[in-house]
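Engineer: Okay, here's the structure, questions in a sec.
The values are calculated or read from the model by the stated rules, or taken from the named source; none is laboratory data. Bear in mind that the values here come from a model prediction, so they are computed numbers and not experimental data. Methodologically, a virtual Cβ is constructed for each residue, glycine included, from the backbone with ideal geometry; neighbour enumeration extends over all protein chains shown.
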Amino acid sequence: MYGLVDGNNFYVSCERVFQPRLDGRPVVVLSNNDGNVVSRSAEAKQLGIAMGAPFFEVRELLRRHKGQALSSNYALYGDMSRRVMARLADQVPAVEVYSIDEAFLDLHGLTAFCGTLDARVQRLRQDVLRCTGIPTCVGMGPTKTLAKVANRLAKKYPELQGVLRLDTESRRERALRALPVEDVWGIGRQYAGKLHAHGLRTAWDLSQVSEAWARGQLGGVVGWRLVQELRGQSCQDLNPSEDGTLARQSLSCSRSFGQRLTAFDDLWGAVTTYLSRAAEKLRAQGDQAHILTVYLSQDRYDSRVPPPYTRSATLTLPGGPSSDTLQLLSYGRRLLERIYEPGRLYVKAGVVLDGLEPPGRGRQLDLFAPAAAAPAPDAGRAQQLMRTLDALNRQFGRGTVRPAATITPAGQPAPWQGNARHRSPAYTTRFEDMLVVG
Amino acid sequence: MTTIELFDVGEPTTTLWLPVFASLVPAGFPSPASDELEELFDLNRILFRHPEATYLIRVSGESMQGAEIHAGDLLAVDKHLEADHNHIVVAVVEGECTVKRLVRRGTSWWLQAENPAYADYCITEPDNLRIWGVVTHVVHELIPGKLTALLRSRD
């Protein structure tokens, strides 16, 4: 069973911990330079303030209702996120940090010792609330996608008391029928329109399509996996952020290693690879990140390893938001050094970029417009370097130019690369893998 | 009412190993105690029993001077601990944070100042009061100004 826990109105909730006078009032947090609304309290939502709304459009409304707008304080949000994640990691077998306010929980095997899973998860929420002041909701399901579905509904319906578990067929069907198809994890705006045009309105409708249709209409294997996940069949590799169709407020990249790793350099190679990839995606959607998280996981099935199995470190970028791979790597290394312990066996690493905003000081930008082609040209050499890097990799293939830490001796796979021994050659797309006949 | 100011903790603290000596330090003649080095002790483990639930908060005002809590001091506040009689707590009263001693008198609970110039606050409406956290330690500087300068330099 997977769980997805996320903080309710996370940025606003962080502010309220230290400013209790904001409780019960409409509160919004604004993006860089106070441009747009990026987080809303329940009261602000009730006033009809939309996510991404420009501040000048809602200022008067907030004033009339004794509301408050706050500039974003990423140093605070990053520290509160670190605390929430640490509390979670202390209490469940495994945590995958997904964004500043979201984490997947591996809940397999918990029920046997701990009473009902619902009670256990309620205690987890109480613990996070008590230690950090952040209220959360938790969705549970046999797949990550269903855990996301459950979380959406747990948030939407207060009578669920913050927890929903989709573990029976009837519950799953009822939940999927209640969820609009555009709210399914991984369905971007582009796909939502297409699905509506085909008469698919709910997550349930989407779960009923054929494999051929999903592969044909929803981006090949990614779309088919999504449908399978909705049906309750877990697809380990599912990673909807790969589809690149939707500009996100958070980007993550994580993989399990092909073998257990213990050397710092091997782990650094893995983190460098994931962080380079995440930075590339960040630039592709025209954003910069305020907050960087790096995490390492140990094998939770190894009885010699005491919990917590995942350790993460979070940093608010001291020099302001960035999309520069080299800069992100220098911070990433510091974070890795902080969580790395010699002698431990690690099975997974991941990076998360958060607090994403387009660059350009003082400009009013629509957070949810399709990703801009490129940030405004700048004389900065670092930006030029990144543009050149991206252009080379676009033209000659991913990873043609990359940081030296990811390079391994010729012919040897990197130690952090996943096991793919059973994968057939890329007959049609790789020159070396082309079928050879005599 | 004493007001408090949150201090940005920033990056997590790293372990600081300090030697602990078995012999007590006499307040008279100093003795070379290096032979009696017992073990290395991480001060953070004493000060921060629940690191993820501990917050550093600064004090303003002198309503707690009787408890040796003064303006400019740093408080370690643990949100994990359950507040009880006689604890010094950070409490939220009508939307404002304040540091006071939580005491039970008969059947009623009070937020008690440690300064005769300040009135105690009776918790008549439990709904109007929330315990934010329990104060576990006070950092009081004996060289005036250094702490403030250090904290300011982080901004």
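Engineer: Scan segment B:80-115 residue by residue and report those that are of a type outside the set (A, V, I, L, M, F, W, C) and either part of a strand (DSSP E or B) or under 25 Å from B:E52 (Cβ atoms) (or both).
Structural biologist: Answer for segment B:80-115, where residues must be of a type outside the set (A, V, I, L, M, F, W, C) and either part of a strand (DSSP E or B) or under 25 Å from B:E52 (Cβ atoms) (or both): B:H80, B:E82, B:D84, B:H87, B:E96, B:T98, B:K100, B:R101, B:R104, B:R105, B:S108, B:Q112.
Engineer: When segment B:60-74 is examined, which residues are found to be at pLDDT below 90 and either within 14 Å of chain A (Cβ to nearest Cβ) or under 14 Å from the mean Cα position of the chain (by Cα) (or both)?
Structural biologist: Passing the criteria: B:S60, B:A71, B:G72, B:D73, B:L74.
Engineer: Right, something else. For residues in segment B:93-108 being buried (at least 18 other Cβ atoms within 10 Å of the Cβ) and more than 12 Å from the chain's Cα centre (by Cα), which is nearest to the other protein chains (Cβ to nearest Cβ)?
Structural biologist: Checking each candidate, the answer is B:C97.
Engineer: In segment A:58-75, is there at least one residue being buried (at least 17 other Cβ atoms within 10 Å of the Cβ), modelled with pLDDT under 90 and closer than 30 Å to A:H108 by Cα?
Structural biologist: No, every residue in segment A:58-75 fails to be buried (at least 17 other Cβ atoms within 10 Å of the Cβ), modelled with pLDDT under 90 and closer than 30 Å to A:H108 by Cα.
Engineer: If I ask for residues that are within 14 Å of chain B (Cβ to nearest Cβ) and over 18 Å from A:D6 (Cβ atoms), which ones from segment A:71-88 would you list?
Structural biologist: Residues satisfying the conditions are A:N73, A:A75.
Engineer: Looking at (1) touching a strand residue (DSSP E or B) at 6+ places or on another chain (Cβ under 6 Å); (2) within 22 Å of B:L47 (Cβ to Cβ); (3) modelled with pLDDT of 90 or more, can you tell me which one B:Q112 breaks?
Structural biologist: Only one criterion in (1) touching a strand residue (DSSP E or B) at 6+ places or on another chain (Cβ under 6 Å); (2) within 22 Å of B:L47 (Cβ to Cβ); (3) modelled with pLDDT of 90 or more is unmet by B:Q112, namely (2).
Engineer: Let me ask another. Check off (1) on the phi > 0 side of the Ramachandran plot; (2) surrounded by 24 or more Cβ atoms within 10 Å (Cβ to Cβ) for A:G162 and give me the number that stays unchecked.
Structural biologist: Going through the list (1) on the phi > 0 side of the Ramachandran plot; (2) surrounded by 24 or more Cβ atoms within 10 Å (Cβ to Cβ), A:G162 breaks only (2).
Engineer: Let me ask another. Got a number for residues in segment A:126-152 being crowded, with 20+ Cβ neighbours inside 10 Å and assigned to a helix (DSSP H, G or I)?
Structural biologist: 12
Engineer: Among the residues that make up segment A:233-255, is at least one of them at pLDDT 90 or above and of a type in the set (A, V, I, L, M)?
Structural biologist: Checked segment A:233-255: no residue is at pLDDT 90 or above and of a type in the set (A, V, I, L, M).
Engineer: A follow-up question, please. Within segment B:20-40, identify whether any single residue is modelled with pLDDT of 65 or more, acidic (D, E) and either exposed (fewer than 15 other Cβ atoms within 10 Å of the Cβ) or in contact with a helix residue (DSSP H, G or I) (Cβ under 9 Å, 6 or more places away or on another chain) (or both), and answer yes or no.
Structural biologist: Scanning segment B:20-40 turns up no residue that is modelled with pLDDT of 65 or more, acidic (D, E) and either exposed (fewer than 15 other Cβ atoms within 10 Å of the Cβ) or in contact with a helix residue (DSSP H, G or I) (Cβ under 9 Å, 6 or more places away or on another chain) (or both).
Engineer: Another one. So A:V95 passes all but one of these: (1) in a strand (DSSP E or B); (2) away from chain B (no Cβ under 14 Å); (3) within 30 Å of A:I339 (Cα to Cα). Which condition number does it fail?
Structural biologist: (2)
Engineer: Okay, moving on. Quick check on my filter: what residues within segment A:29-81 are more than 22 Å from the chain's Cα centre (by Cα) and among the β-branched types (V, I, T)?
Structural biologist: Correct list: A:I49, A:V58.
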